[in-house]
Amino acid sequence: MKYLTTIVFAALLAACSPAENAATEVAATPAEPAADVAAEMVEHLEVIYEEYFERILELNPTYATFLGDNRYNDRYQNNLGEEYRTELKALFEEYLARVADADAGLLEGQDRLNLDMFRDSLERNLEGMEFDTWLAPINQFRNPANSFVSMGSGQGIQPFNTVEDYDNFLGRIDGFVVVMGQAITNMRMGMEREYTQPRVLMEKVLPQLQSQVVENIEDSAFYGPVQNMPESFSEEDRKRLTSAYADAIGNQIVPAFAGLHDFIRDEYIPVARETHGIDGVPNGEALYAYLVRSSTTTDMTPGEIHQIGLGEVARIQGEMQGVMDEVGFEGDLDAFFEFLNTDDQFYYDSGEELIAGYEALREETHKRAMELFDRFPKADYEIRAVEAYREQSASGGSYRRASPDGSRPGVFYANTYDIKSRPKWSMESLFLHEAVPGHHFQLALILELENIPRFRKFGTFTATTEGWGLYAESLGKEMGMYSDPYQYFGALNAELWRAIRLVVDTGLHSKGWTRDEVLDYMYANSAVKPARAISEAERYMAIPAQALAYKVGQLKIRQLRTRAEQALGDSFDVKAFHSAMLEDGAPPLQVLEDKINRWIAAQQGD
C-alpha cells in the first residue's frame, strides 16, 4: 500500500458520531467581530473533522490498523457490500451538509486549507459513488485477497506481538470470508449487466489465489505467525493458537481462496470482456473522465493529456540522444535501448544483489540530500524485495509509509522478479523516487505535521504525492547523483516512462487502444523489457487514470519552482522552497499552487 488515492482517501474520510447541530451555522453580528466569528467557526470545524475521521476508522478497521490504531484489529469490513456503500454515501452527505454554511472567506492559512480540502474530498467522492465500480471489485493489481495475505503473513500491517494480537487476527478471518463471498456476488451482478474486468487481467488473478490453496497447512502464508510465535507465550497459549490457526487456514481461508479461484476460472473468465479500456463498460467514458479529474486534481480532458504526453515523449527522447553522444554509442535510439536491455554489465545475477545495491545507495543519497533540504523525517525505512506472491504483477518499486507511532518503519519495496528486467541503470532514479528525497521524505514528514486534522495527515492526493516522487528524480544532478551517464539515461528513461503513461493510459481508455497497441508503443519508445511492459500495461488497465498523476503532478511542481526562481531571483532559496512544498502535506494541485503563490508573495515582501 503505497499511499491513498483520492477515491480511497475519501472513502476512508467520511464519518463521525452525529452532532447536535446538522450544519455549521456561524454568522457575525454587529456586536461580534469577524475575528471572533472565525475563531468560533474554526473550533467548530475542528470538532467536525475529528469526529469525521474517528467514525471512518470504525467503518474501516483495516485502515485504522494501517495507521497504527489497534482498537479494531479484530474486525474486517465488508466494504464490497450494499450496506457499506449506503452508509458511506450517507456519511459523505452528512458531513458535506455540516460544513455547507461555513464561510471560507473568514478563514486563512491552515484553517482555509482544511475547509477547502475537506469539501473537495467529499464532493469528489460523492461524484465517484455514482459509478458502479463495485460490480468489478477484483483484478490482478487490486485484490482484497492479496491484501489479506500480506496482513496475515506477519509481514504486513497486522501486529503479531502479543497473544491478543494473535486472537485479533483470528477475529478478522470471519469478515474476510464474507468479503470473498461478497466479491463473487458482486461479480455475478456485473456479469448480468455486462460490467466485467478484462479477461486477460482475471487470468493473472488465478495464480495469485491458487498460491494460497495449499494441501499442507504449514505451506500457507497465514501459518507464518505460528512459525514465528514469540517464545514468551505460555505453552497453553501456543497450543491453543496453533490449533486455532490450523483450523482457520484449513476450514476457512483455503476454502475461501479456492472458491473465489474456481468461480473466476469456471464462470467469470468465460464471459469477461475482451475490450481492454474502461470505456468498454457501461458509462465507461464518463467514468474515465471522472477518474482523470480525480487522479490529476485538474480539469484537463483525456485528449489534452494525450497531447501533453506526445510532446513530452519527443522532448525527453531528444535529451536521450545527448547521453548516447556522451558515451559514444553509434546507432539509433532503438539500438541503444537494445544494448541497455541485453548487455550483462547492466544486470545483477540475483535479487539479493539488487537489494544490496539499493542498500549501498542509502548513506550517500542521504548525505547529498542535505544540500537541497533542511527538513528530514524522523521515521526510518527498510528496503525489501516485493513478496513472491505478488511480484509478477507488482511495479518495479513502491513505498509503504511508516506507522504514525513509529512502531513500523516505512518500506521501499524493490521488485526482484525476472532479475534481468531490473537494470542497474534505473536504480538511482527509482531510489530517489521511492525513498530519498521522494516518497519517504514526503509521506514520513506528513506524519510529523502538528496542528492539522487527521484527514489531512493521513490522506493524500496522487497527483501531489507521485508528482513529488517524479520531481525528486529530477533533483539527481543537483544532488550530485547521475554522475554515471547510464544512470542519467535511466533517470530520463524513468521520466520518459511517465510521459508514455500519459499517451497510453488515455489511448487505452478513451481512444480504443488495445493492450497490444499499448505494448507496441512502449517497445517503440522506451528501453523496456516485456516483463515490465506487460505488468505496466495491465496495471493501467486495472487502475485507469492513476498513472496520469505522476507526470501531471511533476510538471506542475516544476512549473511552480520555475515561477519562484524567476520571481525571487538571487533570493530564491531551494531549501526554503522544498520546505514550503512539504510542510502542508499533499493537497490537490490547485490548492498547492495557490499556497506556493502566497509563499512567493510573502518572500517578496520580506
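The values are calculated or read from the model by the stated rules, or taken from the named source; none is laboratory data. Everything numeric here is computed off the predicted structure, so don't read it as measured data. With ideal geometry, Cβ positions are generated from the backbone for all residues, glycine too; neighbour counts draw on all protein chains shown.
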Only one residue in Val518, Val503, Val528 is within 15 Å of Ser395 (Cβ to Cβ) and either touching a strand residue (DSSP E or B) at 6+ places or on another chain (Cβ under 7 Å) or β-branched (Val, Ile, Thr) (or both), so which one is that?
Val528
For the range 334-360, give me each residue that is crowded, with 17+ Cβ neighbours inside 10 Å and free of Cβ contacts under 8 Å to residues at least 40 places away in the same chain.
none
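Yes or no, residue by residue, for (1) aliphatic (A, V, I, L, M); (2) buried (at least 23 other Cβ atoms within 10 Å of the Cβ); (3) closer than 22 Å to Tyr482 by Cβ:
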| site | (1), (2), (3) |
| --- | --- |
| Asp332 | no, no, no |
| Arg362 | no, no, yes |
| Ser395 | no, no, yes |
| Ser426 | no, yes, yes |
| Leu430 | yes, yes, yes |
Does Ala531 meet the test of being over 15 Å from Thr462 (Cα atoms) and outside the structural domain of Val200 (by TED's automatic domain parsing)?
yes
In the set Glu326, Glu319, Glu312, Glu304, which member is surrounded by 19 or more Cβ atoms within 10 Å (Cβ to Cβ), modelled with pLDDT of 95 or more and farther than 19 Å from Thr514 by Cα?
Glu312
Of the residues in the range 271-303, those that are in contact with a strand residue (DSSP E or B) (Cβ under 7 Å, 6 or more places away or on another chain) and among the aliphatic types (A, V, I, L, M) number 1
Top-ranked residue in the range 60-91 [being of a type in the set (A, V, I, L, M) and in a loop (DSSP other than H, G, I, E, B); ranked as farthest from Val177 (Cα to Cα)]:
Leu67
Here the residues within the range 342-387 that are part of a loop (DSSP other than H, G, I, E, B) and either among the charged types (D, E, K, R) or closer than 30 Å to Gly224 by Cα (or both) are Asp343, Tyr348, Asp349, Ser350, Glu371, Asp374, Arg375, Lys378, Ala379, Asp380, Val386, Glu387
Tell me whether the range 360-376 contains one or more residues that are among the acidic types (Asp, Glu), under 27 Å from the mean Cα position of the chain (by Cα) and modelled with pLDDT of 95 or more.
no
Residues of the range 65-99 being modelled with pLDDT of 95 or more and either hydrophobic (A, V, I, L, M, F, W, C) or not assigned by TED's automatic domain parsing to the domain that holds Leu126 (or both), in sequence order, are Leu80, Leu88, Ala90, Leu91, Phe92, Leu96, Ala97, Val99
Test Arg390 against the criterion of being under 27 Å from Pro207 (Cβ atoms) and either under 20 Å from the mean Cα position of the chain (by Cα) or assigned to a helix (DSSP H, G or I) (or both), and give yes or no.
yes
Looking at this structure, is His306 of a type outside the set (Phe, Trp, Tyr) and in contact with a strand residue (DSSP E or B) (Cβ under 6 Å, 6 or more places away or on another chain)?
no
Residue hits (the range 189-219; free of Cβ contacts under 8 Å to residues at least 40 places away in the same chain, of a type outside the set (Val, Ile, Thr) and assigned to a helix (DSSP H, G or I)) are Glu192, Glu218, Asp219
Could you count how many residues in the range 436-475 are over 20 Å from Val552 (Cβ atoms) and in contact with a Gly (Cβ under 8 Å, 6 or more places away or on another chain)?
7
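Conditions (1) without any contact (Cβ under 8 Å) to a residue 40 or more places away in the chain; (2) part of a loop (DSSP other than H, G, I, E, B); (3) touching a His at 6+ places or on another chain (Cβ under 7 Å); (4) within 17 Å of Gln197 (Cα to Cα), marked per residue:
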residue	(1), (2), (3), (4)
Pro225	no, no, no, no
Met229	no, yes, no, no
Gln252	no, no, no, no
Phe263	no, no, no, yes
Tyr288	no, no, yes, yes
Restricted to the range 397-424, and to residues that are closer than 24 Å to Ala537 by Cβ and among the hydroxyl-bearing types (Ser, Thr, Tyr), which residue is surrounded by the most Cβ atoms within 10 Å (Cβ to Cβ)?
Tyr399
When every residue in the range 247-293 that is among the aliphatic types (A, V, I, L, M) and more than 28 Å from the chain's Cα centre (by Cα) is compared, the one surrounded by the fewest Cβ atoms within 10 Å (Cβ to Cβ) is Val271
Within the bounds of the range 397-408, is there any residue that is modelled with pLDDT of 95 or more and among the charged types (D, E, K, R)?
no
Only residues that are under 20 Å from Met180 (Cβ atoms) and either at pLDDT below 95 or surrounded by fewer than 17 Cβ atoms within 10 Å (Cβ to Cβ) (or both): list them for the range 225-246, please.
Ala244, Ala246
Criterion first (more than 20 Å from Pro282 (Cα to Cα), part of a helix (DSSP H, G or I) and basic (Lys, Arg)) does Arg124 satisfy it?
yes
Return a yes/no flag: does the range 191-202 have any residue that is among the hydrophobic types (A, V, I, L, M, F, W, C), in the same structural domain as Arg273 (by TED's automatic domain parsing), modelled with pLDDT of 95 or more and buried (at least 21 other Cβ atoms within 10 Å of the Cβ).
yes
Of the residues in the range 18-48, those that are in contact with a helix residue (DSSP H, G or I) (Cβ under 6 Å, 6 or more places away or on another chain) and at pLDDT 90 or above come to Val42, Ile48
